[in-house]
Amino acid sequence: MTAESARIWPRGTRLSEAGSLVLGEHDVRDLAENFGTPLFVLNEDDFRARARLFRDSFGAAFADIGSSVDVYYAGKSFLCTAIAKIVVAEGLRLDTCTGGELAVAARAGVPGAKLGLHGNNKSLAEIERAIEMRVGRIVIDSLDEIDLIADVARRAGRRVPVMVRVTTGVHAGGHEYISTAHEDQKFGLSLADGGAVKAIQKVLGLESELELLGIHTHIGSQIQDAAAFVVSARKLLSLRAQIRDKFDYLLPEIDLGGGFGIAYTIRDEPIDVPALAHELAGSIDALCTEMSMPVPRVSIEPGRSIVGPSTVTLYRVGVVKPVTVDDGDTKVRTYVSVDGGMSDNIRPALYGAEYSAKLANRASSKVKIRSRIVGKHCESGDIVIPDIDLPADISRGDLIAVPATGAYGRSMASNYNLVTRPAVVAIRGGEARVIVRRETEEDLLATDVES
Ligand SMILES: *Cc1c(COP(=O)(O)O)cnc(C)c1O
């Protein structure tokens, strides 16, 4: 591994003498042999280290300004019982946004107080379940949801802690569909049209049912520029000052959401977490002084930046097919088909996400040829990597490793073409344990009621 490529692989990744890829203490050839492919290999030490890095660097930076930070792992990026347990063991909390995610949290024994519930269209059943589990917060996403939550709270005889999600107009991140705080989208209540203030007023009017913890915003995903978070913090703090002046209520907390960028390829600059924590704490401190108010509690919700880089997908190569293309000097593109594709990684097809990859089971000194890694699905858009140089001798039976697939890979996986979704294996030291088993044909047929 060169220093440059080290940042796209989980820590502890290296090459064996035979030139195969070794993840922690595990040669990918053995992992593929023992667990099959496609396979998600999650390096648990890497995951834990990233979770701790958020907890410790934000904790320290905000302690310095007399505040504290809660880190909520965004479960939607990848969640299973083992991950929920690890997250809590590392001192983080857990963000959920559906009944299904709450069910996993319940099975993992996550205390309700450590849970948050998000969602732009929570069902009544999801709200009831969250309140029954005594979640630490429900993040309100619309005006009409306020009555819904208040009604359930009244019936349950319980005061429910809530936050109000605000769209601040800050536009950050790569692609339109993963940029969520500008105005023309479905999430949150707008600052610009007064919706946010109206919602806050309404919540404050339901004092016996709802306890307003604070305001929340999530400005997007895969954000590589720390300044975007500072701008968003400023917007939330201005709103906090406005609420104080208007309603004589000082919101105890602001939540800055997630979206911290990672390196999918060597061209990506990942967010420097300690530097971001330091910069944010400094700005929040200064802004609060400027607005003559005490520093609030802060929460953040990283998902991708904890699980993304921890995980590598292993694919087995099948058909290798040279195709004549008529654009420029190289007239041939080699299509390298793998045994998964858009069913285990929809991100390239969904928003043009870029990945890198490596021949993983051996070294090759052959010249690199212009290639495209494609899946096995019946869609020409089923592409893992559109343009990559791979050794000319790549052939059936080889392994390809794609790094940084931990977030929104397995969690967005589908059964398209009735494929079975891959297993997730967590490696730690010499141990490799299945934390999500591979689906079987019986799983596929289980919901098909005609026999
Ligand atoms: C998706 C999401 C996150 C996590 O985003 P990442 O890019 O995975 O860090 C956090 N909070 C909210 C509200 C989200 O919708």
The chain, dipole about Cα centre (Lys/Arg Cβ +1, Asp/Glu Cβ -1), debye to the nearest 20: 560
Footprinting exposure proxy for PHE62, PHE187, PHE54 (fewest neighbouring C-beta atoms within 10 Å first): PHE187, PHE62, PHE54
5 angstrom amide H check on SER371, placed H, neighbours 5+ away: THR334, ILE388, ASP389, LEU390
Net dipole in debye of the stretch 67-302 [+1 Lys, Arg Cβ; -1 Asp, Glu Cβ; about Cα centre; nearest 20]: 640
The stretch 67-302: projected area of the alpha-carbon convex hull, averaged over directions, in nm²: 12.4
Cα-based reach from LYS198 at 17 Å (exclusive), listing lysines while leaving out same-chain residues under 8 positions away: LYS235, LYS246
10 Å binning of all Cα-Cα separations within the stretch 332-451, expressed as whole percents from 0 upward: 12, 38, 33, 14, 2, 0
Computed magnitude of the charge dipole of the stretch 227-302 (debye, nearest 20; Cβ of K, R +1, Cβ of D, E -1): 240
Under-5 Å amide H pairs with THR167, H placed in peptide plane, nonlocal only: LEU189, SER190, LEU191
Under-5 Å amide H pairs with GLY116, H placed in peptide plane, nonlocal only: LEU94, ASP95, THR96
Highest-first arrangement of 72-83, 429-440, where packing means the average Cβ count within 10 Å: 72-83, 429-440
Sequence ranges 261-273, 301-313, 331-343, 212-224, ranked by mean other-Cβ count within 10 angstrom, highest first: 301-313, 212-224, 331-343, 261-273
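Each value in this text was obtained by applying a stated rule to the coordinates, not by laboratory testing. Predicted model, so just to flag it, every value in this text is computed and none were measured. Heads up, the Cβs are rebuilt from the backbone with ideal geometry, glycines too, and the neighbour counts pull from every protein chain shown.
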